[in-house]
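Student: Take this structure first; my questions come after.
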Amino acid sequence: MRGVRGVMREWFDPTALRRIGTTPDYRFSLANERTFLAWIRTGLALIAGGLAVAQFLPELRFPYLREALAVVLMIYGGAVALRALNHWVKCERAMRLGEDLPESRFPAGLAISVVLGAVLLIAVVVAEGFDR
Amino acid sequence: MTGPTPARDPGLQPERTRLAWRRTVLASTVVALLAVRLVLLRPTPLAGVAGTMLLAGWITLLVLSGRRASTLAAPVPPPLGRAVPVLALVTVGFAGAGLALVATP
């Protein structure tokens, strides 16, 4: 098992990865790079969503719900970016060693959180509608 | 891994990767514009610091993407190195700057 220091080192010095295993076909590395970029865009979209909620959503009946929503979205965005980095490192390492690509529950967790958030928002919107 | 290097990848992988970088820069531009709007609405000293951080991060992404576009033009593009952690950290920095902008009165 690699320790926290080993993981940190791989995160911040990916060139160290080049010392293990063999370099795969460059097209596989480019595919991993595009997957990483797609996750980064997912994180950026969550952050943009948080910033948009903070300035374009009208004040809700529940105090600070709007701000809480914005904060949660931006924390998710940052977490997705860190996970993108970790996933890129794991995939690169697996490809260099000829191992299976890593499995992850992260996409499922993210999807469930988005669904829960949407259901909560629908409930809030409906409650506000009855208020009028 | 021997043999002649193909002149052009029929799957257009370098081009797709270059376009993925461009989309990422575009997404970060949206984040930067939304944040700048918040800074202008609430111009506090903290907001100024957050806005400056955001602009620095955005310029870093522009530079990274430009550099990667030139290395992708090689017949066999080299693997990514430190651009990966830098891009991830800039995104985390965007989140932090956004939190500072939203969570302060």
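Student: Springs between alpha-carbon atoms under 10 Å, Gaussian network over chain B: tell me which of B:Ala56, B:Ala74, B:Ala32 tops the mean-square fluctuations.
Tutor: Sorting by GNM fluctuation, first place goes to B:Ala74.
Student: Around B:Leu80, under 12 Å between beta carbons, what's the net of Lys plus Arg minus Asp minus Glu among the other residues? If you can, show how the numbers build up before the last one.
Tutor: Working: positive: A:Arg18, A:Arg34, B:Arg67, B:Arg68, B:Arg82; negative: A:Glu33, A:Glu92.
Residues close to B:Leu80 contribute a combined charge of +3.
Student: Charges only on Cβ, +1 for Lys and Arg, -1 for Asp and Glu: so what's the dipole of the protein assembly as shown about the Cα centre, in debye to the nearest 20?
Tutor: Details: 26 positive and 14 negative charges, 104 e Å.
That gives a dipole near 500 debye.
Student: Taking 7 Å along the Cα-to-C-beta vector as the label spot, tell me the A:Ile20-B:Ala56 distance in nanometres, rounded to one decimal.
Tutor: Result for the modelled spin labels: 3.2 nm.
Student: What is the fewest-to-most order of B:Trp58, A:Trp11 by other Cβ atoms lying within 10 Å of their Cβ?
Tutor: Values: B:Trp58 20, A:Trp11 17.
With the sparsest Cβ surroundings first, the list reads A:Trp11, B:Trp58.
Student: Further question on the same structure: Can you work out the base-10 log of I(q)/I(0) for the range A:4-131 at q = 0.09, 0.11 1/Å, using the Debye formula on its C-alpha atoms alone?
Tutor: -0.38, -0.52
Student: Under the rule of -39500 (n - 2.57) per DSSP H run of 4 or more residues, summed and divided by the residues of chain B, what mean residue ellipticity at 222 nm is obtained, to the nearest 500 deg cm²/dmol? Walk me through the intermediate numbers first.
Tutor: Numbers: 3 runs with 78 residues, N = 105.
-26500 deg cm²/dmol, from helical runs alone.
Student: Now, a different point. Based on DSSP H runs of at least 4 residues, each adding -39500 (n - 2.57), what is the mean residue ellipticity at 222 nm of chain A after dividing by all its residues, to the nearest 500 deg cm²/dmol? Provide the component values of the computation, followed by the final result.
Tutor: Details: 4 runs with 99 residues, N = 132.
Calculated from helices alone, the mean residue ellipticity at 222 nm is -26500 deg cm²/dmol.
Student: What residue among B:Pro75, A:Ala16, A:His87 has its Cα farthest toward the positive end of the dipole of the protein assembly as shown, where the charges are +1 on Lys, Arg and -1 on Asp, Glu, each on the Cβ?
Tutor: With unit charges placed on the Cβ atoms, the residue in question is B:Pro75.
Student: Please report A:Thr15, A:Thr23, B:Thr91, B:Thr24 as a ranked list, fewest other C-beta atoms within 10 angstrom at the top and most at the bottom. Intermediate values should be presented prior to the final figure.
Tutor: Working: A:Thr15 10, A:Thr23 14, B:Thr91 31, B:Thr24 22.
Ranking A:Thr15, A:Thr23, B:Thr91, B:Thr24 by Cβ neighbours within 10 Å, fewest first, gives A:Thr15, A:Thr23, B:Thr24, B:Thr91.
Student: May I pose another question? Quick one: check the C-alpha center-to-center distance for the range A:59-97 versus the range B:32-105, whole angstrom.
Tutor: 15
Student: How many Cβ atoms of partner chains, on average, are near each residue of B:10-17 if near means within 10 Å of its Cβ? Don't skip to the end; give the middle numbers.
Tutor: Working: counts 0, 3, 0, 9, 3, 0, 4, 7.
The shielding value for this peptide is 3.
Student: How big is the charge dipole of chain B about its Cα centre, in debye rounded to the nearest 20, if each Lys and Arg gets +1 on its Cβ and each Asp and Glu gets -1 on its Cβ?
Tutor: Details: 10 positive and 2 negative charges, 21 e Å.
It comes to approximately 100 debye.
Student: Mind listing which GluC sites (Glu not before Pro) in the range A:15-87 are in a DSSP loop and have 14 or fewer other Cβ atoms within 10 Å?
Tutor: On the way: sites: A:Glu33, A:Glu59, A:Glu67; in loops: A:Glu59.
Those that pass, being in a loop and sparsely packed, are A:Glu59.
Student: How many partner chain Cβ atoms sit within 10 Å of a residue's Cβ in peptide A:15-27, on average, as a whole number?
Tutor: Details: counts 4, 1, 3, 3, 0, 0, 0, 1, 4, 2, 3, 9, 7.
Partner Cβ neighbours, averaged per residue: 3.
Student: Looking only at B:Gly51, B:Gly93, B:Gly81, which one moves most when chain B is put into a Gaussian network model with springs between Cα atoms under 10 Å?
Tutor: Checking each option, the largest mean-square fluctuation is seen for B:Gly81.
Student: Kirkwood Rh over alpha-carbon pairs of the range B:14-103, then Stokes-Einstein at 20 °C and 1.002 mPa s: what D in µm² s⁻¹, rounded to an integer?
Tutor: 154
Student: Sort B:Phe94, A:Phe28, A:Phe130 so that the residue with the fewest other Cβ atoms within 10 Å of its own Cβ comes first and the one with the most comes last. Each step should come with its number before you reach the end.
Tutor: On the way: B:Phe94 29, A:Phe28 15, A:Phe130 6.
Ascending number of Cβ neighbours within 10 Å: A:Phe130, A:Phe28, B:Phe94.
Student: OK, next. How many nm is it between the label spots at A:Glu128 and B:Arg42, if each spot is 7 Å from the Cα in line with the beta carbon?
Tutor: 1.8
Student: A further question on this structure: If you take the C-alpha gyration tensor of the range B:59-105, multiply each eigenvalue by 5 and take the square root, what semi-axes do you get, largest first, in whole Å?
Tutor: Working: eigenvalues 194, 19, 5 Å².
The equivalent ellipsoid of the range B:59-105 has semi-axes of 31, 10, 5 Å.
Rule-based calculations on the coordinates, nothing more; no lab input. Nothing here was measured: the structure is a model prediction, and the numbers come from that model. Virtual Cβ from ideal backbone geometry, glycine too; neighbours counted across all protein chains shown.
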